[in-house]
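Worksheet: the structure to be examined is printed underneath.
The values are calculated or read from the model by the stated rules, or taken from the named source; none is laboratory data. Here the structure is a predicted model, which means the values were calculated and not measured. We place every Cβ from the backbone using ideal geometry, glycine too, and count neighbours over all the protein chains shown.
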Amino acid sequence: MDTSKPFSGLKVLDFMWAVVGPMTSRYLAEHGATVVKIESVHHPDAVRMTPPFLGRQAGINRAHLIAEVNANKLALGINMSRPGAVELVKRIITTWQPDLVCENFTPRAMKNWGLDYPAVRQLKPDIIYYSSCQLGRGGPRSNFAGYGHLASALAGYFHLTGWPDRGPVLAYGALSDFLSPAVGVSAILAALIHRKFTSEGQHIDQSQMEVPIHYLAPMMLDYYVNGRVQGRAGNRDSSFAPHGVFPCQGDDRWIAIAVTSNEEWQALRRAMRDPSWAKDTRFSTIMGRKQHEDEIEDRISHWTQSQTAEDLMTKLQGAGVRAGVPLSCADMHNHPHLKDRNFFRYLEHPEGGIMPHLGLRFVLSKTPGTVERCYARVGADTEHVLKNMAGLQDSEIGEMAAEGILEWS
């Protein structure tokens, strides 16, 4: 066992599916935990048929996303609808003794299988059981299913996203998917520390909708204190100006510029070679710039569209102005900063050759994690898990395979 990583020796039985759940357990896997993901060919993870696909050829094993969010995990193929499947899982828990069971189904799924927290606790009293579903496990809507976009909408983000003269806009990506994993891992860490000192396990019930609500605290306070209901403002900020995204040379190339003080406004003026319009006293204060934001944005757009985004970013940052280029996927893979940090990791995929994976979101100086194993096929590690970790005999494995309990893709 590798003892150089913080979660070395931690054993995780993973029922997670889609994105936010698997991303959570991937943090553990890349830092030393042994994570066994249970999945079925007859009821495959939804992202197995979500593009992009390797070689642009669709297939249950060829989706990039399933490999990305499950890197470093072991694949155990079990058809949970077959008689005997639940008993197999219970045997794995009893024999292997995982520290953590994690799932992100609606509340009724694990209960119907007889694998909810009370049932698993009977098998392992100090188990940490992590549940992460759309609306948590209490309340009249707890059984409502949905993906991260729905959680972001219910939390109120779409009301804030878009242009002021248009309707709500779907924010890029599912915001709760990006926020929930880090919060979930923090809760799991707290539970592990608690168990270390008390020998007590616990059930962590995380609502994916509640997580992003915490980041709306300024908007909530503005309503309760000032009676204001914030709405859509495009790329503008309620306090600073100019604050927006401006066109540059090339096809769909842009630069984001944010001026948060009078000193930064002076720096932007110098970078623009202090044009006569920028000397207008109407723009000398933040309040003045907010009042005349349309005019300022038109002027800046005229200046930026004659320059390349990357050169302009370097120029503005050097002058002390907050500026950045919105990056495409191709830009990310060729970005010198990410290359310097060796962020993207290229792993061998059994069907499609070399596949890029996101690297570590954070690097621990003394115990760094690794991204070293591609996850691709359902049940790829079934025999290894059942024989070497759960103690089953070859004859038992053969019988279960014949009965359709075990699956491979």
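If I filter the range 247-257 for residues that are farther than 30 Å from Ala153 by Cα, surrounded by fewer than 17 Cβ atoms within 10 Å (Cβ to Cβ) and touching a Ser or Thr at 6+ places or on another chain (Cβ under 8 Å), do I get at least one hit?
Taking every residue of the range 247-257 in turn, at least one turns out to be farther than 30 Å from Ala153 by Cα, surrounded by fewer than 17 Cβ atoms within 10 Å (Cβ to Cβ) and touching a Ser or Thr at 6+ places or on another chain (Cβ under 8 Å).
Restricting to the range 190-242, give me the number of residues that are within 30 Å of Tyr147 (Cβ to Cβ), part of a helix (DSSP H, G or I) and not aliphatic (A, V, I, L, M).
The qualifying residues number 7.
Suppose we keep only residues that are among the aliphatic types (A, V, I, L, M) and within 25 Å of the chain's Cα centre (by Cα) within the range 369-409. Which one would you say is modelled with the lowest pLDDT? Talk me through it step by step, then tell me what you get.
At the first step, the residues of the range 369-409 found to be among the aliphatic types (A, V, I, L, M) are 371, 376, 378, 380, 385-386, 389-390, 392, 397, 400-402, 405-406.
Checking which are within 25 Å of the chain's Cα centre (by Cα) leaves us with 371, 376, 378, 380.
On the way: Val371: 97, Ala376: 93, Val378: 97, Ala380: 97.
Filtering the range 369-409 for residues that are among the aliphatic types (A, V, I, L, M) and within 25 Å of the chain's Cα centre (by Cα), the one modelled with the lowest pLDDT comes out as Ala376.
Mind checking which residues of the range 391-407 are part of a helix (DSSP H, G or I) and not aliphatic (A, V, I, L, M)? Give the steps one after another, and end with the answer.
Within the range 391-407, the subset part of a helix (DSSP H, G or I) is 394-402.
Hits for the range 391-407 are Asp394, Ser395, Glu396, Gly398, Glu399.
Do you know which residues across the range 128-146 are surrounded by 22 or more Cβ atoms within 10 Å (Cβ to Cβ) and of a type in the set (A, V, I, L, M, F, W, C)?
Of all residues in the range 128-146, those surrounded by 22 or more Cβ atoms within 10 Å (Cβ to Cβ) come to 128-135.
Result: Ile128, Cys133, Leu135.
Taking the range 224-246, which residues are farther than 22 Å from Arg166 by Cβ, exposed (fewer than 13 other Cβ atoms within 10 Å of the Cβ) and within 33 Å of the chain's Cα centre (by Cα)? Walk me through how you get there before you give the answer.
Initial filter on the range 224-246 (farther than 22 Å from Arg166 by Cβ): 224-227, 239-240.
Narrowing the set further to residues that are exposed (fewer than 13 other Cβ atoms within 10 Å of the Cβ) leaves 224-227, 239.
Tyr224, Val225, Ser239, listed by residue number.
Taking the conditions exactly as written (within 20 Å of the chain's Cα centre (by Cα), among the hydroxyl-bearing types (Ser, Thr, Tyr) and in a helix (DSSP H, G or I)), does Thr24 satisfy them or not?
Numbers: within 20 Å of the chain's Cα centre (by Cα): yes; among the hydroxyl-bearing types (Ser, Thr, Tyr): yes; in a helix (DSSP H, G or I): yes.
It is true that Thr24 is within 20 Å of the chain's Cα centre (by Cα), among the hydroxyl-bearing types (Ser, Thr, Tyr) and in a helix (DSSP H, G or I).
Any idea which of (1) touching a Ser or Thr at 6+ places or on another chain (Cβ under 8 Å); (2) in the same structural domain as Ile66 (by TED's automatic domain parsing); (3) not acidic (Asp, Glu) is the one Ser395 doesn't satisfy?
If we test Ser395 against (1) touching a Ser or Thr at 6+ places or on another chain (Cβ under 8 Å); (2) in the same structural domain as Ile66 (by TED's automatic domain parsing); (3) not acidic (Asp, Glu), just (1) comes out false.
Select from the range 162-214 the residues that are among the acidic types (Asp, Glu) and exposed (fewer than 13 other Cβ atoms within 10 Å of the Cβ) and write down the one among them that is farthest from the chain's Cα centre (by Cα). Break it down into steps so the answer makes sense when it comes.
Restricting attention to the range 162-214, the residues satisfying the condition of being among the acidic types (Asp, Glu) are 165, 177, 200, 205, 210.
Adding the requirement that they be exposed (fewer than 13 other Cβ atoms within 10 Å of the Cβ) leaves 165, 200.
Numbers: Asp165: 31, Glu200: 29 Å.
Taking the candidates together, the pick is Asp165.
Which residue, of Glu383, Glu372, is more than 30 Å from Gln266 (Cβ to Cβ), surrounded by 14 or more Cβ atoms within 10 Å (Cβ to Cβ) and acidic (Asp, Glu)?
Values: Glu372 fails: surrounded by 14 or more Cβ atoms within 10 Å (Cβ to Cβ).
That would be Glu383, the only listed residue that is more than 30 Å from Gln266 (Cβ to Cβ), surrounded by 14 or more Cβ atoms within 10 Å (Cβ to Cβ) and acidic (Asp, Glu).
Identify the single condition in (1) without any contact (Cβ under 8 Å) to a residue 60 or more places away in the chain; (2) at negative phi that Leu192 does not satisfy, given that it satisfies every other one.
Just one mismatch for Leu192, condition (1).
Within the range 98-125, track down each residue that is over 28 Å from the mean Cα position of the chain (by Cα), part of a loop (DSSP other than H, G, I, E, B) and over 20 Å from Ile405 (Cα atoms).
Lys124, Pro125
Residues checked against (1) crowded, with 22+ Cβ neighbours inside 10 Å; (2) out of contact with any His (no Cβ under 6 Å at 6 or more places or on another chain); (3) closer than 23 Å to Ile188 by Cβ; (4) in contact (Cβ under 8 Å) with a residue 60 or more places away in the chain:
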| residue | (1), (2), (3), (4) |
| --- | --- |
| Leu28 | yes, yes, yes, yes |
| Val41 | no, yes, no, yes |
| Lys73 | yes, yes, yes, yes |
| Gly77 | yes, yes, no, yes |
